[in-house]
Amino acid sequence: MSTLNLLYQKRYVINDFISIVIPTVGEIIDNEDAYYNLVSVLTAMPIDLMVQLEDAGIDFTSINEYELFLLMFAGFKSQDTSLIFGDLDLSKFKIAVNEQNGNIVLLDEEHDIKIDRAIHGQIAGVLRKIHHLEKNRRKPANDEAKQFMLKRARDKMKRRKNRKEDSQLESLIVAMVNTEQYKYDFEGTRELSIYQFNESVRQVIKKVDYDNRMYGVYTGTINAKELSQDDLNWLTHK
């Protein structure tokens, strides 16, 4: 899934029935909490929700990301998912068994649309690409490590429980608009797709790092011979 696949698109087509919307920054700002919560659910790995799973009596090391998605589906299928799935009505989907292979799928019988493990993988992959999210692949080495991870995660949840979270996207927009390398104003930023904005943020960070690195080379505090070709070219985008 290259940059060109998403840079100028308003949606990414999974198949004839399912596509992922690439909303504008403005659309997300107006629905930020709901949007990012849904993205988190759709891209979650079991380790991301280890505490919630333990409280439900489920060992987070015993299930995979697709099984987690199926577990959580009922909790969000009736929500407004239009900023991710467009006009696809998730409320029509029910858990079913694929008669051909015995696998569990989500099925909209009325329109003959299914979401299986492979399709969920594509959905999650596109959302991770749009938002620069990485799979959390960590696994505890033993039961002692698992209990330690659970305790740390639970303590972190308690600390954040009553803390009011500020808008991360809004803060990022303010920072970018007031950065000389960024060429959009507030209104112009609202019109960008979230993918275009996220890619611009990443590129501006790379340019600023490059400028600081070159300043270090010119002043003699950084040895140019120790820099890689990527360090020496801010135009590369990976």
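Residue-by-condition table, conditions (1) outside any loop (DSSP other than H, G, I, E, B); (2) at positive phi; (3) surrounded by 15 or more Cβ atoms within 10 Å (Cβ to Cβ):
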{"site": "Tyr12", "(1), (2), (3)": "yes, no, yes"}
{"site": "Asp16", "(1), (2), (3)": "no, no, no"}
{"site": "Asp33", "(1), (2), (3)": "yes, no, no"}
{"site": "Tyr66", "(1), (2), (3)": "yes, no, yes"}
{"site": "Ile95", "(1), (2), (3)": "yes, no, no"}
### The one condition in (1) touching a Leu at 6+ places or on another chain (Cβ under 8 Å); (2) surrounded by fewer than 17 Cβ atoms within 10 Å (Cβ to Cβ); (3) of a type outside the set (D, E, K, R) that Ser40 fails to fulfil
(1)
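May I ask you to say which residue of Arg159, Arg190, Arg163 is free of Cβ contacts under 8 Å to residues at least 24 places away in the same chain, closer than 24 Å to Ala34 by Cβ, part of a helix (DSSP H, G or I) and not hydroxyl-bearing (Ser, Thr, Tyr)? Quick ask: steps written out before the conclusion?
Details: Arg190 fails: free of Cβ contacts under 8 Å to residues at least 24 places away in the same chain; Arg163 fails: part of a helix (DSSP H, G or I).
So the residue among Arg159, Arg190, Arg163 that is free of Cβ contacts under 8 Å to residues at least 24 places away in the same chain, closer than 24 Å to Ala34 by Cβ, part of a helix (DSSP H, G or I) and not hydroxyl-bearing (Ser, Thr, Tyr) is Arg159.
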### Query
In region 97-134, how many are under 24 Å from the mean Cα position of the chain (by Cα) and on the phi > 0 side of the Ramachandran plot?
1
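Quick one: is Ala153 without any contact (Cβ under 8 Å) to a residue 40 or more places away in the chain, surrounded by 12 or more Cβ atoms within 10 Å (Cβ to Cβ) and assigned by TED's automatic domain parsing to the domain that holds Val39? Lay out the reasoning, then the answer.
Numbers: without any contact (Cβ under 8 Å) to a residue 40 or more places away in the chain: no; surrounded by 12 or more Cβ atoms within 10 Å (Cβ to Cβ): yes; assigned by TED's automatic domain parsing to the domain that holds Val39: yes.
Considered against the rule, which asks whether it is without any contact (Cβ under 8 Å) to a residue 40 or more places away in the chain, surrounded by 12 or more Cβ atoms within 10 Å (Cβ to Cβ) and assigned by TED's automatic domain parsing to the domain that holds Val39, Ala153 comes out as no.
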### Task
Of all residues in region 202-238, count the ones that are within 15 Å of Glu180 (Cα to Cα), within 23 Å of the chain's Cα centre (by Cα) and either of a type in the set (Ser, Thr, Tyr) or surrounded by fewer than 17 Cβ atoms within 10 Å (Cβ to Cβ) (or both).
3
### Query
Among the numbered criteria (1) buried (at least 16 other Cβ atoms within 10 Å of the Cβ); (2) in contact with a Lys or Arg (Cβ under 8 Å, 6 or more places away or on another chain); (3) modelled with pLDDT of 95 or more, which single criterion is violated by Val51?
(3)
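Is it the case, given these coordinates, that Asn101 is assigned to a loop (DSSP other than H, G, I, E, B) and over 19 Å from Ile58 (Cβ atoms)? Spell out the reasoning first.
On the way: assigned to a loop (DSSP other than H, G, I, E, B): yes; over 19 Å from Ile58 (Cβ atoms): yes.
Spelling it out, Asn101 is indeed assigned to a loop (DSSP other than H, G, I, E, B) and over 19 Å from Ile58 (Cβ atoms).
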## Note on the structure
Residues of region 156-187 being of a type in the set (Ser, Thr, Tyr) and surrounded by 13 or more Cβ atoms within 10 Å (Cβ to Cβ), in sequence order, are Ser167, Thr179, Tyr182, Tyr184
### Message
Could you go through region 128-136 and let me know if any residue there is assigned by TED's automatic domain parsing to the domain that holds Asp16, part of a helix (DSSP H, G or I), of a type in the set (A, V, I, L, M) and under 21 Å from Pro23 (Cα atoms).
### Response
yes
### Task
Go through (1) at pLDDT below 95; (2) within 16 Å of the chain's Cα centre (by Cα); (3) not aromatic (Phe, Trp, Tyr) and name the single condition Ser91 misses.
(2)
#### Entry: Residue check for Ala145: surrounded by 12 or more Cβ atoms within 10 Å (Cβ to Cβ), outside any loop (DSSP other than H, G, I, E, B), without any contact (Cβ under 8 Å) to a residue 60 or more places away in the chain and in the same structural domain as Pro46 (by TED's automatic domain parsing)
yes
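The values are calculated or read from the model by the stated rules, or taken from the named source; none is laboratory data. Model, not experiment: these values are computed from the prediction. Ideal geometry is used to build each Cβ from the backbone, glycine not excepted, and the neighbour counts take in all protein chains shown.
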